[in-house]
Amino acid sequence: MDSYLEALKAYQSFNPAGWVAIYRLMPMWAGIVCCVVGLALLLFGGGRVFRLVAGPLGALIGLAWTGVLLARFSMAADPRMPTAVAAVLAVLGFLFPPAIVYLGVGIPIGLLGGQIAGPSDFLIGFAPGLILGGLVAAVLHRHVAAIIASLLGGWLLVLGAMAALHQFGGLVSAMASQPWGLIIAAGLFAIAGSVYQIAVRPSPEEEERQHAERQRLKMRQAELKASEKRWSAPRGGK
């Protein structure tokens, strides 16, 4: 577990090689599972199943960014704090996914704003980015959820493929030495998944309407068959 937590620290900074290197800790079966989960996220992750994505995503946010935020605000960091925050955000994600969308978009934008503002005015840049970025993401929840799920799905698909093919050491090592190529590949998967989920798949409201329409059609067909049976049945006394 400690090795995974150490590997996740690469995601606290701009470190493409470190982002890719986590595949080395994954056994082949985990890589195959990641490929399956990644593909599912690309196709369906932004819909009703996003609640299942928001929980683990909240945990990742807590593990990856708690230490960064504490350091930025010059607060004492308890080694157990990231784990505790991750547990809280995981529960929050399962119960109320829009909150994770808010944080998942707001925190990176806030960190970028704080970086632009500089160390002395970090809060001045961070707070507006967090609030405004998070609010926009929450308002556009369905679209942002589809994009987040596709980004996560594309990256899991790439990392899973790397782990599953790890036995072909030379090929995988050559691919891992070009992290930007893998990032671009994951990005292309994410774009395709986002377009499919937003533009092709019906929205949850449309799915409900279609389901209700199918139910009404089944009821009408059942009533029609029952009526036909009554009229076709032989009448007594004749």
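A few comments on the model shown:
Here's the yes/no breakdown for (1) assigned to a helix (DSSP H, G or I); (2) out of contact with any helix residue (DSSP H, G or I) (no Cβ under 7 Å at 6 or more places or on another chain):
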{"site": "24", "(1), (2)": "yes, yes"}
{"site": "38", "(1), (2)": "yes, no"}
{"site": "46", "(1), (2)": "no, no"}
{"site": "53", "(1), (2)": "yes, no"}
{"site": "57", "(1), (2)": "yes, no"}
{"site": "62", "(1), (2)": "yes, no"}
{"site": "66", "(1), (2)": "yes, no"}
{"site": "69", "(1), (2)": "yes, yes"}
{"site": "78", "(1), (2)": "no, yes"}
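- Among (1) open to solvent by less than 60 Å² (accessible area, probe 1.4 Å); (2) more than 23 Å from residue 148 (Cα to Cα), the one test that residue 81 misses: (1)
- Within region 32-56, residues that are touching a residue at least 12 places away in the same chain (Cβ under 8 Å) and more than 10 Å from residue 149 (Cα to Cα) have Cβ atoms under 7 Å from residues that are in a helix (DSSP H, G or I) and aromatic (Phe, Trp, Tyr) in these pairs: 51/94; 55/94, counting only partners at least 6 apart in sequence or on another chain.
- In region 173-193, the residues that are touching a residue at least 40 places away in the same chain (Cβ under 8 Å) and farther than 24 Å from residue 104 by Cβ: 176
- Residues in region 75-105 that are of a type in the set (Gly, Ala, Ser) and under 15 Å from the mean Cα position of the chain (by Cα): 90, 93, 99, 104.
- Condition broken by residue 74, with the remaining ones in (1) within 30 Å of residue 174 (Cβ to Cβ); (2) open to solvent by 30 Å² or more (accessible area, probe 1.4 Å) satisfied: (1)
- Criterion violated by residue 122 - all others in (1) more than 30 Å from residue 50 (Cα to Cα); (2) of a type outside the set (D, E, K, R); (3) in a helix (DSSP H, G or I); (4) open to solvent by 40 Å² or more (accessible area, probe 1.4 Å) satisfied: (4)
The values are calculated or read from the model by the stated rules, or taken from the named source; none is laboratory data. Note that the coordinates shown come from a computational prediction; the quantities given were computed from them, not determined experimentally. FYI the Cβ positions are ideal-geometry reconstructions off the backbone, even for glycines, and counts take in every protein chain you see. What goes into the accessible areas is simple: the full protein's heavy atoms, side chains included, and nothing from ligands, DNA or RNA. Shrake-Rupley method; radii C 1.70, N 1.55, O 1.52, S 1.80 Å.
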